[in-house]
Amino acid sequence: MSRTSVSSVTKEQPSPAADPNPRSVFSIVRQKVTTKHGWFGDYDYGWLCLPSLPSAKQKQPPFYGLDDELPLLLAIASGLSHSLAMLAGLIVPPILLSGTLMLDPATSSYMMSATLITSGIMSLVQMSRIKLWGGYYLGTGLLSMVGTSFSTISTANAIINAMYANGTCPSTTAADGTVTRGPCPDAYGMVLGTALICAFLEIGLSFLPPRVLRRIFPPMVTGTFILMIGSTLVGSAGMSDWGGGSNGCQARPTSGIYQLCPTVGAPHALPWGSPQFIGLGFLSFVSIILTELFGSPFLKNASIIVGLAVGCIVAGAAGYIDGSAVASAPTITFLWVHRFKINVYPPAILPMLAVYVSVAMEAIGDITASAEVSRVPVEGDDFDSRIQGGVLSDGISGIISALLTVTPMSVFAQNNGVISVTRCANRTAGRWCCAFVIIFGVLGKISALFLAIPNPVLGGVTTFLFASVAVSGLRVLSFVKYTRRDRFILAAALSFGVGDLLMPGIFTHLFDGVKNPNKGLQGLFESITILLSTPFLISGIVALVLNLILPQDRSQEDGDLEDVEAAQDLEIQVLEQEVKI
């Protein structure tokens, strides 16, 4: 049996709320808002909202497919659940980037608002399924939410660090060697401009046959990319913030404003790594674990937000939070309140092209997972068109998001977990999610509130979040059969990736011996240095190249095919039993 059989088995399940009689939009809306069934349906809201014991067994609610009729309250609750599940992943990138660029609170708050608003807008596009011409589409037609790709953040940080090092961004060096960075909003504009032109690469990739993309980017390559993205961010951002900050105070300088974290003028400032900071981050981390143990399905989907809330409550009571940014933030904000000079930074082109390759790989994996949990076919022309439409929408999002002052966005994986837990893959819930995310962005006080989260609280939560990204990479790598060829490729890729993690800066002085390079050659050297110094980029490129040039062992291919077919047969048997139940 093939995987197409799996799809046909799951697709035959009866829809719990399907209406066989087509009705007008007006009659549907009237039925929704004026009847008890339209508001509540037959859903078990107690299961969704009440706490549970780890050993308790509860009856599963019905599954709601892409276009099934959904009770209004359930659509709102599921939409809110999706928005809360992805909120931490949306607010972290602008916090990290604004911190790296030393931007003022007003600009940082705007960047967060713009990210939320753009995410809601582009998610609506991604969830659509607009037929373009021939067999090409825009969007997946699934409940696919988008947000800032973490691969962008890691690469952008490396690009920004290079700008500070070569003098593009201002910095001062004290007598003791401590480097103090100045604000550099122009660097953010260069990142946006470079991302805008490089987005055309992903648009071009979207028109390749999906089977070609899957051959170029098999699980060995995509898993390595994702594993190293998460691992890089755990060290460069998560744990650094957990200790008190990642803006320079983690070096514990003996003079200057970063002697204490986050700065010497902050309320309750302490040296980096102080037990008070570690305790705050640990409290947030434990809150996530307790929510997973005892929380309702709704709270489990928002466990990251629960961790932030508990940490902020304790930190606020202990005097660690500065509320001035919240007080001065506008009540309502929108796009282009702050603008940046869009420009292209030539040394960043090669790294950003690699980012879009990574984004395309992430999109393929996430769309496949979305289709599986949504119980739609994961093979055939229909599925291939979803892959094509999703990657195309991601590429267009790279252009539009840059124009909306936001770094490139890609399909989020968090929402697949929400679908799996709530058993609701309905796009109406996704549209409510978009509405909530846009509202969160428009309300400027909310963005400023997120910005006021103390670094240790944020670090305790983001360490878990970034580790979850690394685990996603491990899960993708679990699909690899690990022939001798596969082990060789992974070992070669991790040699560079893990080496960069454990010994950062090893490639920084690679071209110091070149005498008087011209401007173009110097830019090329800087591009290569950024590629070599970014763990996920260099490990992913090594895996990609070796996968293309190393020949397959034919006997191993035959054995792998038999293993895959056996695994598919077992999966089909399990799914058939679930359908019968």
> When you go through LEU201, LEU192, LEU196, LEU208 one by one, which is the residue that is over 25 Å from PHE525 (Cα atoms) and out of contact with any Cys (no Cβ under 7 Å at 6 or more places or on another chain)?
Replying inline: LEU208
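Please state which one of TYR320, TYR258 is aromatic (Phe, Trp, Tyr) and touching a His at 6+ places or on another chain (Cβ under 8 Å).
On the way: TYR258 fails: touching a His at 6+ places or on another chain (Cβ under 8 Å).
Answer to the check: TYR320.
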> Residues SER303, SER284, SER324: which one is modelled with pLDDT under 85 and either under 30 Å from THR172 (Cβ atoms) or touching a helix residue (DSSP H, G or I) at 6+ places or on another chain (Cβ under 6 Å) (or both)?
Replying inline: SER324
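Give the residue, chosen from VAL498, VAL411, that is touching a strand residue (DSSP E or B) at 6+ places or on another chain (Cβ under 6 Å) and not basic (Lys, Arg).
The unique qualifying residue is VAL411.
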>> For a quick check of your reading: which strands (runs of 3 or more DSSP E) sit entirely within the stretch 108-217 and have at least 3 residues that are in contact with a helix residue (DSSP H, G or I) (Cβ under 6 Å, 6 or more places away or on another chain)?
In response: 146-148
> Looking only at the stretch 377-421, which residues are of a type outside the set (A, V, I, L, M, F, W, C) and farther than 18 Å from LEU138 by Cβ?
Replying inline: PRO377, GLU379, GLY380, THR405, THR407, GLN414, ASN415, ASN416, GLY417, SER420
> Residue check: is TYR64 under 30 Å from SER151 (Cβ atoms), aromatic (Phe, Trp, Tyr) and in contact (Cβ under 8 Å) with a residue 60 or more places away in the chain?
Replying inline: no
>> Any residue at all in the stretch 487-494 that's surrounded by fewer than 21 Cβ atoms within 10 Å (Cβ to Cβ) and under 28 Å from PRO93 (Cα atoms)?
In response: yes
> Which numbered condition trips up VAL471, out of (1) surrounded by 19 or more Cβ atoms within 10 Å (Cβ to Cβ); (2) within 30 Å of ILE288 (Cα to Cα); (3) modelled with pLDDT of 85 or more?
Replying inline: (1)
>> Looking for something surrounded by fewer than 18 Cβ atoms within 10 Å (Cβ to Cβ), at pLDDT 85 or above, under 22 Å from VAL406 (Cα atoms) and not aliphatic (A, V, I, L, M) - is there at least one such residue anywhere in the stretch 201-223?
In response: yes
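Just to check your reading of the model, which residue among ARG431, ARG423 is out of contact with any Pro (no Cβ under 7 Å at 6 or more places or on another chain) and among the charged types (D, E, K, R)?
So the residue among ARG431, ARG423 that is out of contact with any Pro (no Cβ under 7 Å at 6 or more places or on another chain) and among the charged types (D, E, K, R) is ARG431.
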> Which one of the conditions (1) within 23 Å of TYR356 (Cβ to Cβ); (2) crowded, with 23+ Cβ neighbours inside 10 Å does THR462 fail to meet, given that it meets all the rest?
Replying inline: (1)
> Listed residues ILE332, ILE399, ILE342; which is among the hydrophobic types (A, V, I, L, M, F, W, C), under 22 Å from MET122 (Cβ atoms), modelled with pLDDT of 90 or more and in contact with a strand residue (DSSP E or B) (Cβ under 9 Å, 6 or more places away or on another chain)?
Replying inline: ILE332
> Of these, SER98, SER149, which one is buried (at least 24 other Cβ atoms within 10 Å of the Cβ) and either modelled with pLDDT of 90 or more or of a type outside the set (A, V, I, L, M, F, W, C) (or both)?
Replying inline: SER149
> LEU290 versus (1) free of Cβ contacts under 8 Å to residues at least 24 places away in the same chain; (2) within 19 Å of VAL469 (Cα to Cα): which is the lone unmet condition?
Replying inline: (2)
> What do you reckon, is ARG215 farther than 22 Å from GLY460 by Cβ and without any contact (Cβ under 8 Å) to a residue 60 or more places away in the chain?
Replying inline: yes
> Under the condition of being free of Cβ contacts under 8 Å to residues at least 60 places away in the same chain and in a helix (DSSP H, G or I), which residue from the stretch 389-442 is surrounded by the most Cβ atoms within 10 Å (Cβ to Cβ)?
Replying inline: ASN416
> Where residues in the stretch 203-255 are β-branched (Val, Ile, Thr) and over 20 Å from the mean Cα position of the chain (by Cα), which of them is farthest from THR140 (Cα to Cα)?
Replying inline: THR254
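The values are calculated or read from the model by the stated rules, or taken from the named source; none is laboratory data. Being a predicted model, the structure only gives us computed values, none of them experimental. When we count neighbours, we look across all protein chains shown, and the Cβ atoms used for this are built from the backbone with ideal geometry, even at glycine.
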